[in-house]
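Let me begin by presenting the structure, written as structure tokens, before commenting on it.
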Amino acid sequence: MDIQPLLDALNLQGNAARAQADDLRTRIGQLQDRVREAEPHLEHLAITRKTVTALTDRIPTQAASPDLPEHPDYPRIFAVLNKATAPSEPVTPAKPSTHELVPKNIEGTRAKLKRLVKFDVLTEVDAGSFTRKQ
């Protein structure tokens, strides 16, 4: 009985298995390098988490924002007030809106500002002058 063809087939399979094992060892080495590169980042994140957690008692808590009525003027009012360096006149928040500057629109804006004062979001500095609560 000639077993050479069987031995040749075993050699081919052995060579393929060795090549696959060598390829896997190379990939394992590359993955180990990537793990070594990632570990310092993980350590830094752990240190950062520990630091932030330790500082949480020093960070002032912000009061929950009030539930404001749904109206497109409120974001416009806040945008103007956030940019303002001095108390904002009730006319100023109406400017970025599409409303024409007529007394009824100014009065509508004034009413919204007064409502925000009642919600304790704004402060009326002087009659008709509003600023964000600090």
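For the stretch 79-86, does any single residue satisfy the condition of being modelled with pLDDT of 80 or more and open to solvent by 70 Å² or more (accessible area, probe 1.4 Å)?
Checked the stretch 79-86: no residue is modelled with pLDDT of 80 or more and open to solvent by 70 Å² or more (accessible area, probe 1.4 Å).
Right, E70: at pLDDT 75 or above and assigned to a loop (DSSP other than H, G, I, E, B) or not?
Against the criterion (at pLDDT 75 or above and assigned to a loop (DSSP other than H, G, I, E, B)), E70 qualifies.
Take the stretch 116-127 and flag every residue that is closer than 17 Å to I106 by Cβ and surrounded by 15 or more Cβ atoms within 10 Å (Cβ to Cβ).
Of everything in the stretch 116-127, those that are closer than 17 Å to I106 by Cβ and surrounded by 15 or more Cβ atoms within 10 Å (Cβ to Cβ) turn out to be L116, L122, E124.
The values are calculated or read from the model by the stated rules, or taken from the named source; none is laboratory data. Keep in mind that this is a model prediction, so the values were computed, not measured. Cβ atoms come from the backbone with ideal geometry, glycine included; neighbour counts cover every protein chain shown. What goes into the accessible areas is simple: the full protein's heavy atoms, side chains included, and nothing from ligands, DNA or RNA. Shrake-Rupley method; radii C 1.70, N 1.55, O 1.52, S 1.80 Å.
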